[in-house]
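J.: Here you go, one structure.
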Amino acid sequence: MNFSISLTVNGVRREIELDDPRVTLLDLLRERLDLTGTKKGCDRGQCGACTVLVNGRRINSCLALAVSQDGADILTIEGVSRGDQLHPMQAAFIAHDGFQCGFCTPGQVMSAIGLITEGQAGDDPERVREGMSGNLCRCGAYAGITEAVLEAQNTLTNSDQRRSA
Amino acid sequence: MMNFDYVRPATVAEAVAAASEKGATYLAAGTNLLDLMKGGVCHPSRLVDVTRLPGLDGVEYLADGGVRIGALVRNADLAHDAEFVRAFPSVAEALLSGASAQLRNAATVGGNVLQRTRCAYFYDAPSACNKRWPGAGCDARHGENRLHAVLGWSEACIATHPSDFCVPLVALDTVVEIEGRSGRREVALEALHRLPGDTPQRETLLERGDLIVALRLPAEARGFAAHARYIKVRERTSYAFAVVSAAASLRIEQGTIREARLALGGVAAKPWRARAAEQVLAGVAPDAAGLREAARIALADAKPSGDNAFKIELAQRILVRALTLAAAGTPERIPALPGSPFSSVSGVHHVA
Amino acid sequence: MSPEINLTCDPAHLRHGSNIGQPLTRRDGILKVKGEARYAADNHPPGMLYAVIAVSTIARGRVTFLDVAAAKRHPGVVEVMTPSHKPPLAEDPDGKPNPFAFKMELLQNDEVRYANQAIAVVVAETLEAATEGAALLSPQYHVEPARVGLDDAKSYLPPVVGIGNPAEVRHGDVDAALAGASNRIEAMYETSAQYHNAMEPHAIVASWDGDKLSIDTPSQGMAIAQMRLAGLFGIPPGNIHIRSPFLGGGFGSKGLVSGPQVLGIMAAKLVGRPVKLVLRRDQMYGPVGHRPPTRQTLRIGTDGEGRLTAIDHHAKVTTSTFDDFYEPAADASHTLYASPAIKTSHEAVRVDTGTPLFMRAPGEATGSIALESAIDEIALACGMDPLDFRLKNYAEVEPISGKPFSSKALRQCYAKGAERFGWAGRPLTPRQMRDDAGFLVGWGMGTATFPALMFQAQARAVIRSDGSGVMESGAHDMGQGAWTVLAQIAADGLGLGIDQVEFRSGTSDLPDAGIAGGSAHTATAGAAIHNAGAAVIAKLADLATNDERSPLFGAGNAGVIAREGRLFRRDDEARGESYTDILKRAGLAEIEASGGGAADPAAQSNYAMHAHGAVFAEVKVDPELGQIRVTRLVGAFAAGRIINPRLVQSQLFGGMIWGASFALHEEAVMDHRSGRILNANLAEYHIPVNADVPSLDVLTVDEHDPHVNVLGIKGVGEIGVTGSAGAVANAVWHATGVRARRFPIRIDDLLMRLD
Ligand SMILES: Cc1cc2nc3c(=O)[nH]c(=O)nc-3n(C[C@H](O)[C@H](O)[C@H](O)COP(=O)(O)OP(=O)(O)OC[C@H]3O[C@@H](n4cnc5c(N)ncnc54)[C@H](O)[C@@H]3O)c2cc1C
Ligand code: SF4
Ligand code: FES
Ligand code: FES
């Protein structure tokens, strides 16, 4: 059975023919759309490496069926920066050394962007740590990750204020 | 993963019809179902995707003061709904103590209620498991079972229900609205999940094709908003299932408990309502001795199903803690570490 | 062909002149935060097929049936590779061509020797089809009872432990010393089986072109992998091209090419198309190594003043039934504490698991948590503060060998770490401290140590007439930061700014940078790079000083220094000239030289070489519920010269988190009947999450070590695990008064003993 779905991926609308309903959103991105920035660490919702934003919300793309996402707006790590202009979160991850091997990093960055959109953590480091706890980092870059999220949160809030002022 | 048909019905009636066939299963967010399919634990031949069904994704505040939560409301949306948090803080705290932000963003309330056990032998396809294969035996019974049930278990199955959300829900008399082949019906959440007995494969009262359409919290449940907590002991600070958890809700007047609602998680095949303990609390002051006595009564029938006697003691202590914290008052804001003992004591400054 | 890798440095952190010692941000940072760093599984050559391994669900026995027909019937399945249908190998996978070659399961027969062993490989057009094809094989077995625990088999004296260390070492007479001791303790500690669980699962994309093999795969040792694969496939090592520009973590599990990676190559050969094979998370619990469980007994004695008189450290460990790796846990007692009598010994049992392997601080970590706990216990027995006790028994020379240390700033680590932590005033007796919310608070410490090792590496340096430089060394960046730190060393070695040096790395066609392990990669590859730089500068200086037209004429090699793209006379820095001028005048487009890095045997025999550190931990424990949280970790480390403080801090943080994890979280739970691991996943095999480590602090103490290697580097990759694990365990005791001796410490271990 074939399924036609349409997805907006990083701002580009795509009509996708799926010959298999088993394909997860993660495998669709990685194996069929050549968007390999999103990583597979566990394939079972246990690590957060596959985090992407679906309709603005962070989810684990490994536990989402691609067909079920028909019509969704997907943002992956490839769609976060504007050309050479890094997203403030990406820049903050570099500045605070919020990664080592970098394998969990796309998921961390997407999760962090999602966290800020959710607006629950604010500038409370403990809420940031809790809010980022769905992203495992075996290298143990947590200290830098938390600092990066706090800094980016700050940058983004300030620029929002500037924009609305 | 075995191949399957995928259908996306447009109406509840179509969904029920599509799911009434043998081998068919509802797909909500899939965070539990796909996990099980990938692990070879279940092999549905048809997935009925309910995520687009109209009218099931809203939180509706009823005129009588109750609330009706559509089955497709996402866990995170419910937990962050300001009015809901004010009225049912322990439910929100329980939701936020579960899984991760990503999973809560996806997971639906219906899926959460119907998630399956985390028993490692259930997940381990080659192991004998009466749930997966009735009559096969239970490898957990004499295996690694320190996290298994201490209440309501049988020789056939000692698994626990892993949901955090269900624990305060069952304490607050939540009602489940079901649409099935023969129309709409309602059951108490407390009755939805079954104890294993000789048929652990029958986990709920649901029949083939039954769709949960909503959960309803009655108006009385609001009466506990000022004194309600959910406490969950875990093996790491976050992103872990409960070893044991407890929801405590109190209605306190002039220093006396008028009414108590208590439930335990991680101890049985269902969210475990502790009615006898509730009764002894009614009319007493929330002092240490009284709370301990209530906790003792709640676990009076408990017995280890294996290497897990500690859970009986732990469950009592968590009940005391949850009651103590509930008596002290619901915090203004859900703590930074929801459900965690480390942000449970009123006035505690968490690590900043 | 090497992949295009564009590395950039944050301009804010660019430095000219001395690059070593600067806290540069990662040069691969932009690639990583944009998702553009290409890990092995991100490759997709045209025509590629997907391979999925089917693994055994029994731990011991034989496969008697595979439903190959059912798998093949599944739409999309192309091939099923089984023991009876596979390409030939030139070498027996059960052979040991060298002591570092471990046996692999490459479908050589129908035998099963551990759960999760590969028993077939299904190749298909899609990942989904290959996955289901593997499930459809529905194997049947002849099952034999599994032997899994430390008590399930007869123990024996292993031939060696670790890498060629003797299994038993005696220095002085521990029994006599213990008999005469004023204070003594004897305690048994148990540690659990742990799995590396790098975030990136082992993966390979393999393509054959005749007898040439091209692979993308994460490797901590490309040259060794090349040799091993060359042997297995009967082709020259030079025919194998490995690309491993980024590893998503290794921690030892990617040091040697593993069976599943080789199966990917075999599958590609069988189908004649490129194949991608990626392990599922659960499949990483078996064929790619682990840290074995240990049971350790420590007997320690002191005189009346708290001076150690004896340390007897015995460790029982497991290895596989078919191969030998022995976690050298007891060796942790060789170097730290000045005891006149030391005995270390090991015994081993063979169990039906995959062969254990090097896992971040192999032996040092397991041994450290036991030793540091025992030191805490004996300090208490002496009525002494744990820090005072350690200072009193400070080893001025290496206790086991009597050799002087090449450098050892541990005393400063103790002092600085204790000060930063606020150790002074810690009550001696446990259960004295509470926070304002009523949680039990405990402080514990541990000493960290890790040997400063050197392996062998090569590098090639080029200076071009446009004033730029190239440095080549096939190093491995597993997250420790090779792309950055080695480039820093290269820039200094070439006397150039880091942005003027093209640093080529991460592929097997470059000079062999040795293995990235043993915390020795920066030191070893760094020495090679430094020496290659020095060699090419020497050649350049030769050109200049022998050329009458050069302002450096007659200066002689020793009289010239290189900086910012110019050579200067050492005695008169006003006289110098640029690399460009020298090369242009000589009519050369470029000039090149090679260099090597290796251990200096003389220094090795004269000195004991170790990095050291002191870790201080604060934990809070719920007094009724027993849940534990590590609220503060402070580590002070002395590890020779620090090439990049920012990256070093990250390495040490990572190690310390592993230490906390060792003490509180990590444990593979095995069903003793089936021999299957029940939590072969990341939901129930707990590693710390962000909320588990709210406060980390690292300081480093400068050490100038002229003996370890030319750059004075000791390595920081593993030391952080040691000391930390014990510090956390000791803090739990200090908080609760409960001495847990089984790790990880579980809630149930504390709960019943809390009041
Ligand atoms: C790593 C991990 C950690 C987790 N940790 C926790 C935790 O700490 N605490 C906790 O409580 N949970 C935890 N969960 C479980 C999580 O809460 C559930 O997976 C989730 O709530 C399921 O919701 P879903 O919408 O994805 O359901 P699905 O996976 O889509 O469905 C689950 C089941 O319910 C059935 N179903 C779904 N909706 C309906 C309906 N409306 N009517 C009838 N049947 C229906 C499906 O057929 C299926 O059998 C964790 C999950 C993961 C993967
Ligand atoms: S406890 Fe229940 S779920 Fe677990 S193996 Fe036994 S029967 Fe299956
Ligand atoms: S890959 Fe999706 S959570 Fe790990
Ligand atoms: S940076 Fe390696 S896993 Fe996070």
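J.: Tell me the Kirkwood radius of chain B: reciprocal of the mean inverse pair distance over distinct alpha-carbon atoms, in Å.
T.: 20.4 Å
J.: Over 15 Å, how big is the tail of the calculated P(r) for the range A:3-79, in percent of all Cα pairs?
T.: Considering the range A:3-79, 48 percent of its Cα-Cα pairs are separated by more than 15 Å.
J.: How do the peptides C:512-522, C:238-248, C:544-554 rank, highest first, by the average count of neighbouring beta carbon atoms within 10 Å per residue?
T.: Sorting C:512-522, C:238-248, C:544-554 by mean packing, highest first, produces C:512-522, C:238-248, C:544-554.
J.: What is the Rg over Rh value, at two decimals, for the range B:259-352, using alpha-carbon atoms and the Kirkwood definition of Rh?
T.: 0.99
J.: Mind pulling up the Rg/Rh value for the range C:496-577? Radius of gyration and Kirkwood radius, both on Cα.
T.: With Rh from the inverse mean 1/r over Cα pairs, Rg/Rh is 1.09.
J.: Here's something else I'd like to know. If you take all C-alpha pairs in the range B:1-97, what percent of them are over 23 Å apart?
T.: 40 percent
J.: Here's something else I'd like to know. With 21 Å as the cut-off, how large is the P(r) tail for the range C:352-456, expressed as percent of Cα-Cα pairs?
T.: 50 percent
J.: Among bridges DSSP assigns within the protein assembly as shown, what percent are antiparallel (round to 5)?
T.: 80 percent
J.: Now a separate question. For the range C:38-59 and the range C:399-478, what is the separation of their Cα centres, given in Å?
T.: Centre-to-centre distance over Cα atoms comes out at 38 Å.
J.: I've got another one for you. Hey, got the average number of other protein chain Cβ atoms within 10 angstrom for residues in C:622-633?
T.: What the average comes to for C:622-633 is 6.
J.: Show me the ranking of peptides B:67-79, B:239-251 by mean Cβ neighbours inside 10 Å, starting with the highest.
T.: Result, highest mean first: B:239-251, B:67-79.
J.: Let me ask something additional. Could you give the spread of the C-alpha atoms of the protein assembly as shown along their three principal axes, from largest to smallest, in whole angstroms?
T.: Largest first, the protein assembly as shown extends 103, 77, 75 Å along its Cα principal axes.
J.: Still on this model: Considering only Cα-Cα distances, which of the following residue pairs are longer than 19 Å: B:K232/C:K620; C:K392/C:K620; A:K39/C:K103; A:K40/C:K103; A:K40/C:K269?
T.: C:K392/C:K620; A:K39/C:K103; A:K40/C:K103; A:K40/C:K269
J.: Could I ask something else about it? Tabulate in residue order the Karplus-calculated ³J(HN,Hα) for the range C:451-456, using 6.51 cos²θ - 1.76 cosθ + 1.60 with θ = phi - 60°, rounded to whole Hz; enter x for Gly and Pro.
T.: Working through the residues one at a time gives x, 8, 9, 9, 10, 10 Hz.
J.: What whole number of Å gives the distance from the Cα centroid of the range C:322-396 to the Cα centroid of the range C:108-130?
T.: Computed from Cα coordinates, the inter-centre distance equals 39 Å.
J.: Could you list B:C129, A:C50 so that the one with the fewest beta carbons within 10 Å of its beta carbon is first and the one with the most is last?
T.: B:C129, A:C50
J.: Starting from the exponent 0.38 and prefactor 2.2 Å, build the expected Rg for chain C from its residue count and divide its actual Cα Rg by it.
T.: 1.00
J.: Take C:M199, B:M1 and order them by how many other Cβ atoms sit within 10 Å, fewest up front.
T.: B:M1, C:M199
J.: Still on this structure, please answer the following. Could you please rank C:I642, C:I204, placing first whichever residue has the fewest other Cβ atoms within 10 Å of its Cβ?
T.: Exposure proxy ranking, most exposed first: C:I642, C:I204.
J.: What per residue convex hull volume, in Å³, do the alpha-carbon atoms of the range C:225-314 yield?
T.: Roughly 193 Å³ of hull volume per residue.
J.: Which log10 I(q)/I(0) values, to two decimals, does the range C:28-70 give at q = 0.17, 0.20, 0.22 Å⁻¹ under the Debye formula with one point per Cα?
T.: -0.73, -0.81, -0.87
J.: Here's something else I'd like to know. Once Rh for the range C:704-755 is found with the Kirkwood sum over Cα pairs, what is the Stokes-Einstein diffusion coefficient at 4 °C and 1.567 mPa s, in µm²/s?
T.: My calculation gives 95 µm²/s for D.
J.: Could you give each residue of the range C:481-487 its phi-based ³J(HN,Hα) in whole Hz, using Karplus coefficients 6.51, -1.76, 1.60 with θ = phi - 60°, and x for Gly or Pro?
T.: Result, ordered by residue: x, 4, 4, 9, 5, 5, 5 Hz.
J.: Counting just the Cα atoms, what span does chain A cover along each of its three principal axes? Round to the nearest Å and put the largest first.
T.: 49, 39, 29
J.: I would also like to ask the following. Can you compute the charge dipole magnitude of the range B:225-328 about its Cα centre, using +1 on each Lys and Arg Cβ and -1 on each Asp and Glu Cβ, nothing else charged? Give it in debye, rounded to the nearest 20.
T.: With Lys and Arg at +1 and Asp and Glu at -1, about 260 debye.
J.: Under the rule of -39500 (n - 2.57) per DSSP H run of 4 or more residues, summed and divided by the residues of chain C, what mean residue ellipticity at 222 nm is obtained, to the nearest 500 deg cm²/dmol?
T.: -7000 deg cm²/dmol, from helical runs alone.
J.: Rg and Dmax of the range C:488-539, Cα atoms, in Å?
T.: Gyration radius and largest Cα-Cα distance of the range C:488-539: 11.3, 33 Å.
J.: Taking beta carbons within 10 Å but only from partner chains, what does the mean come to for residues C:672-685?
T.: Per residue, the number of nearby Cβ atoms from other chains is 6 on average.
J.: At q = 0.11, 0.18, 0.20, 0.22 Å⁻¹, what is the base-10 log of I(q)/I(0) for the range B:202-321 according to the Debye formula with one equal point scatterer per Cα and no solvent? Please give it to two decimals.
T.: Scattering profile of the range B:202-321, log10 relative to I(0): -0.43, -1.01, -1.15, -1.26.
J.: Out of A:L63, A:Q90, A:G122, whose Cα points farthest toward the positive end of the dipole of the range A:13-154 (charges: +1 Lys, Arg; -1 Asp, Glu; placed on Cβ)?
T.: Most positive-ward Cα: A:L63.
J.: Moving on to the next point. Mind checking the mean number of beta-carbon atoms from other chains within 10 Å of the Cβ atoms in A:86-94?
T.: For peptide A:86-94, the averaged partner shielding equals 4.
J.: For the range C:457-598, what are Rg and Dmax over the alpha carbons, in angstrom?
T.: Final numbers for Rg and Dmax: 15.2, 49 Å.
J.: Cα-based Rg of the range A:88-160 per 2.2 N^0.38 Å, rounded to two decimals?
T.: Rg over 2.2 N^0.38 Å, computed on Cα atoms: 0.96.
J.: Please compute the net charge surrounding A:V52, taking Lys and Arg as +1 and Asp and Glu as -1 over other residues with Cβ under 13 Å from its Cβ.
T.: Net of charged neighbours comes to +2.
J.: Another question about this same structure. Output the pairs from B:K131/C:K316; C:K96/C:K316; C:K276/C:K714; C:K408/C:K539 with a Cα-Cα distance over 27 Å in this structure; if there are none, say none.
T.: Too far apart for the 27 Å limit: B:K131/C:K316; C:K276/C:K714; C:K408/C:K539.
J.: Something else about it: Students often check this: by mean Cβ neighbours within 10 Å, which of C:526-539, C:334-347 ranks highest, and how do the rest follow?
T.: Ranked by mean Cβ neighbours within 10 Å, highest first: C:526-539, C:334-347.
J.: Provide the descending list of Cα extents for the range B:123-172 along its principal axes, expressed in whole angstroms.
T.: For the range B:123-172, the Cα spread along each principal axis is 37, 18, 16 Å.
J.: Ok, one more. For chain B, list the DSSP H helices whose alpha carbon atoms reach 24 Å or more along the long axis and whose average Kyte-Doolittle value is 1.0 or above?
T.: Long hydrophobic helices here: B:310-328.
J.: GNM, chain B, Cα, under 10 Å: largest mean-square fluctuation among B:R261, B:R273, B:R185?
T.: Answer for the Gaussian network model of chain B: B:R185.
Only the coordinates and a few stated rules stand behind these numbers; no lab work does. In this text, all values refer to a predicted model and were calculated from it rather than measured experimentally. Note that we place each Cβ from the backbone using ideal geometry, even for glycine, and neighbour counts take in every protein chain shown.
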